[in-house]
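The structure under discussion appears below in the form of structure tokens.
The values are calculated or read from the model by the stated rules, or taken from the named source; none is laboratory data. All values reported here derive from a predicted model rather than from experimental measurement. Quick reminder, even Gly has a Cβ in these numbers, built from the backbone with ideal geometry, and neighbours come from all protein chains shown. Side chains are part of the model used for accessible areas, which takes the heavy atoms of the whole protein and leaves out ligands, DNA and RNA. Shrake-Rupley method; radii C 1.70, N 1.55, O 1.52, S 1.80 Å.
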Amino acid sequence: QVQLVESGGGLVQAGGSLRLSCAVSGRTFSRYYMGWFRRRPGKERDFVAGINWSGISTYYADSVKGRFTISRDNAKNTVYLQMNSLNAEDTAVYFCAIDGTGTTLWNRVRYDYWGQGTQVTVSS
């Protein structure tokens, strides 16, 4: 059974930083692409960042480029999201997800397994 558990959310002032973690079990973590998503209040869930199996290739939503960094530690089965220069628009529930296909192509990634989410609140 694949399980993803996020941690690291909380309340932070605008301009501050947080680092989210997502621990994965039940899957050979190092073979799969990982992603972070968020659902802001009253909005649909949006893609935030993705990382390939090795960690060499990453992809970001325009809204977070230059502020957020996704990384992974395959020895720890964990993916991270470092968030800097946070603002009120970043307030959301953040979810991690893992690809279910084992693809090596970004356009074939399908996020089949999801965590429960962690709340990030940025106060202005």
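Structure notes:
- Couplings 3J(HN,Hα) for the stretch 107-120, derived from phi with the Karplus relation 6.51 cos²θ - 1.76 cosθ + 1.60 (θ = phi - 60°), are 7, 10, 5, 9, 7, 9, 10, 10, x, 7, x, 9, 7, 10 Hz, where x marks Gly and Pro.
- The stretch 48-124 and the stretch 1-39 have their alpha-carbon centroids 7 Å apart.
- Contour excess over end-to-end distance, with Cα ends at residue 19 and residue 1 and 0.36 nm allotted per residue: 3.9 nm
- When the alpha carbon coordinates of the stretch 2-124 are projected onto the principal axes, the ranges are 40, 26, 25 Å, largest first.
- When each of the peptides 11-22, 93-104 is scored by the mean number of other C-beta atoms lying within 10 Å of its residues, the order from highest to lowest reads 93-104, 11-22.
- Solvent exposure of the chain as accessible area per residue, Å², 1.4 Å probe: 52
- Length gained when the stretch residue 84-residue 46 is fully extended (0.36 nm per residue, less Cα-Cα span): 11.8 nm
- The accessible surface of the chain, taken with every protein chain in place and a 1.4 Å probe, is 45 percent carbon and sulfur.
- Electrostatic dipole magnitude of the chain [Cβ: Lys, Arg +1; Asp, Glu -1; Cα centre; debye, to 20]: 140
- The chain: most fluctuating residue of 76, 43, 65 per GNM, C-alpha cutoff 10 Å: 43
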